[in-house]
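Okay, structure first, notes after.
The values are calculated or read from the model by the stated rules, or taken from the named source; none is laboratory data. Everything numeric in this text was worked out from a predicted model, so none of it was measured. Cβ sites come from the backbone with ideal geometry, for glycine too, and all protein chains shown count toward neighbours. Areas reflect the complete protein model, heavy atoms only, side chains present, ligands, DNA and RNA absent. Shrake-Rupley method; radii C 1.70, N 1.55, O 1.52, S 1.80 Å.
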Amino acid sequence: QVQLVESGGGLVQAGGSLRLSCAASGRTFSSYTVGWFRQAPGKEREFVAAITWSGATYYANSVKGRFTISRDNAKNTVYLQMTSLKPEDTAVYYCAGCEACYVGDTGAPHYDYWGQGTQVTVST
């Protein structure tokens with residue numbers, strides 16, 4: 001069993017930056033693919049970025065070049081560094097763990113464990 005806890009969300013002006021953290025419990029977390037997803041009001045949950053146990057990464061086109069996903073397996077933590085934020089990035093951001101995903105698995109149903117989410121609001 002893996003438990004995930006996100007932190008780092010908040011209110012930021014357009015063009016600003018935030019770093020989200022996803023802290024995990026569970027001794028096998030380092031072997032999981034971890035993804036970030038987001039859900040805006042009235043919209044479906046969408047894939048943002050993912051990272052495998054070996055560090056391979058994959059990004060949605062909408063965030064490529066602005067967001068960076070990374071992980072520190074010694075700390076059981078995955079990060080999402082977000083820069084050049086836009087109002088359309090406003091959403092609840094969730095991290096999720098997958099035991100058997102490859103980095104290009106962008107479908108939420110593929111993921112086994114989910115955090116509770118953290119709100120990111122980008123103002124104009």
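Residue count for region 31-74 under the criterion of being among the small types (G, A, S) and farther than 15 Å from C98 by Cβ: the result is 8.
Let's see how each residue does on (1) at pLDDT 95 or above; (2) under 16 Å from L4 (Cα atoms):
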residue	(1), (2)
Y58	yes, no
S70	yes, yes
A74	no, yes
Q81	yes, no
C98	no, yes
Y102	no, no
D105	no, no
D112	no, yes
Q119	yes, yes
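The criterion of at least 1 residues that are open to solvent by less than 10 Å² (accessible area, probe 1.4 Å) is met by the following strands (runs of 3 or more DSSP E) wholly inside region 24-83: 33-39, 46-51, 67-72, 77-82. With respect to being assigned to a strand (DSSP E or B) and more than 16 Å from T90 (Cβ to Cβ), S21 fits the description.
Here is a list: G55, G9, G15. Which entry is more than 16 Å from Y113 (Cβ to Cβ) and either of a type in the set (F, W, Y) or in contact with a Phe, Trp or Tyr (Cβ under 8 Å, 6 or more places away or on another chain) (or both)?
G9
Restricting attention to region 13-37 and to residues that are touching a Lys or Arg at 6+ places or on another chain (Cβ under 7 Å) and not aromatic (F, W, Y), the residue that is farthest from V78 (Cα to Cα) turns out to be A14.
Every test in (1) surrounded by 12 or more Cβ atoms within 10 Å (Cβ to Cβ); (2) basic (K, R); (3) more than 13 Å from the chain's Cα centre (by Cα) is passed by R19 save one, and that test is (3). Taking region 84-124 only, how many residues are open to solvent by less than 10 Å² (accessible area, probe 1.4 Å), of a type in the set (D, E, K, R) and out of contact with any Lys or Arg (no Cβ under 9 Å at 6 or more places or on another chain)? Final tally of qualifying residues: 0. Cβ-Cβ contacts under 8 Å between residues 6 or more apart (or on different chains), taken from a first residue in region 48-67 that is over 25 Å from A14 (Cβ atoms) to a second residue that is open to solvent by 10 Å² or more (accessible area, probe 1.4 Å) and of a type in the set (K, R), are listed as I51/R71; G55/R71.
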